[in-house]
Amino acid sequence: MQIYLLRHGIAEDPKPGRPDAERPLTDEGRDKLRRVLKRARTADLDPSVILSSPYRRALETAAVAAEILAYKGEIVRTPALAPEASPFDAWEEIRKRKQERAILLSSHEPLMSSMVAFLLDSPTLRVEMKKAALVRIDCDRFGPKAAGVLKWMLTPGVCLE
């Protein structure tokens, strides 16, 4: 299975009285996401399912991915991708869908960088997942511990038009 980890794009700053979960993406955040996803599309990124954190900025990120990648399925919301979730929670969501050929996860830090380390079975690995960064990890074992292989990572800075 190809597993794509997509950190949400730049979101509006927190505002008094507005819950963190309701912060939308900015125009700049959408633009950077589009750049990364257009480049990833040239690498044949074609998810069979998209999962997202229930937070607005992650859902909007997943929607941009669906648009750019011509994904016709439903975006599945899951609390296993909320910022406070653990890599184990996210891994269980992936394991439930082990029949999928490619899965895209739209989520937050620190979960996304922790997921990279978890999926590569390298708990001390430190990864900086910039906003709108996208990582591909291939995994063919779905036991309690993952054992994936890092294929590539894209950031907005390397996807200049």
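Given a cut-off of under 8 Å on Cα pairs at least six residues apart, what relative contact order in percent is computed for the range 35-161? Relative CO of the range 35-161 lands at 25 percent.
Cross-link pairs exceeding 25 Å in C-alpha to C-alpha distance, out of Lys15/Lys130; Lys38/Lys145; Lys32/Lys72, comprise Lys38/Lys145. Dipole orientation for the range 23-146: of the candidates Ile94, Thr42, Ala66, Thr42 has the Cα lying most toward the positive pole (charges on Cβ; Lys, Arg +1; Asp, Glu -1). Classification of the range 113-161 by its C-alpha gyration tensor yields a prolate form. The axis ratio a/c (a ≥ b ≥ c) is 1.5 or more, and a/b outweighs b/c. Within the shell defined by Cβ-Cβ distances under 11 Å, the residues around Ala43 carry a net charge of +3, with Lys and Arg each +1 and Asp and Glu each -1. Remark: C-alpha extents of the range 78-161 on the principal axes read 38, 26, 25 Å, sorted largest to smallest. Note on Val149 and Asp20: with the Förster distance fixed at 41 Å, the Cβ-Cβ geometry gives a FRET efficiency of about 0.75.
By the gyration tensor of its Cα atoms, with a ≥ b ≥ c the square roots of the eigenvalues, what is the shape of the range 1-83: rounded for a/c under 1.5, prolate for a/b over b/c, or oblate? Cα axes put the range 1-83 in the oblate bin. Our summary of shape: the Cα atoms of the chain have principal axis extents of 42, 35, 31 Å, ordered from largest down, in whole angstrom. An ellipsoid equivalent to the range 45-95, defined through the eigenvalues of its Cα gyration tensor, has semi-axes of 20, 13, 7 Å when rounded to whole angstrom and sorted largest first. Here the calculated FRET efficiency for Asp121 and Lys38, from their Cβ-Cβ distance with R0 = 45 Å, stands at 0.90, rounded to the nearest 0.05.
Of all DSSP beta bridges confined to the chain, the antiparallel ones make up roughly 45%. By the beta-carbon count within 10 Å of each Cβ, the least crowded to most crowded order of Asp140, Asp89, fewest first, is Asp140, Asp89.
Readers should treat all values here as calculations from the given coordinates under stated rules, not as data from a laboratory. Nothing here was measured: the structure is a model prediction, and the numbers come from that model. For neighbour counting, all protein chains shown are included, and Cβ atoms are generated from backbone atoms with ideal geometry for every residue, glycine included.
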